[in-house]
Amino acid sequence: MRRPPFRADHIGSLLRPPALRQAYRAFNDRALDEVGFVAAQDAAIRDAIALQAEPGLPWSPTANSAARRTGAASSSAPKA
């Protein structure tokens, strides 16, 4: 793979994919159990790591925590 003539750093989070957003909604609506919800998160994490590895970006352990994060920034986060 040919590298560009400049350096660029990815700063910030990747957007949650549609399938993961749908899983959040289904989990909130109790249409998806915890096992299915965790499986959707795991798939999104694998996809995010593969997306970053493709251009040669180093793997970051924060990919896992960001995909599983819930809070004010996540409009469809599971409610406790």
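The values are calculated or read from the model by the stated rules, or taken from the named source; none is laboratory data. Quantities reported herein were computed from a predicted structural model and do not represent experimental measurements. Backbone-built Cβ (ideal geometry, glycine too); neighbour counts: all protein chains shown.
For the range 21-80, which residues satisfy the criterion of being in a loop (DSSP other than H, G, I, E, B) and either modelled with pLDDT of 90 or more or hydroxyl-bearing (Ser, Thr, Tyr) (or both)?
Listed by number, the residues that qualify are ASP29, ARG30, ALA31, LEU32, ASP33, SER60, THR70, SER74, SER75, SER76.
Tell me which residues, restricted to the range 25-56, are out of contact with any Leu (no Cβ under 9 Å at 6 or more places or on another chain), farther than 30 Å from PRO4 by Cβ and surrounded by 17 or more Cβ atoms within 10 Å (Cβ to Cβ).
Answer for the range 25-56, where residues must be out of contact with any Leu (no Cβ under 9 Å at 6 or more places or on another chain), farther than 30 Å from PRO4 by Cβ and surrounded by 17 or more Cβ atoms within 10 Å (Cβ to Cβ): PHE27, LEU32, PHE37.
State all residues of the range 4-20 that are assigned to a loop (DSSP other than H, G, I, E, B) and without any contact (Cβ under 8 Å) to a residue 12 or more places away in the chain; if no residue qualifies, say none.
Matches in the range 4-20: PRO4, PRO5, PHE6, ARG7, ALA8, ASP9, ILE11, GLY12, LEU15.
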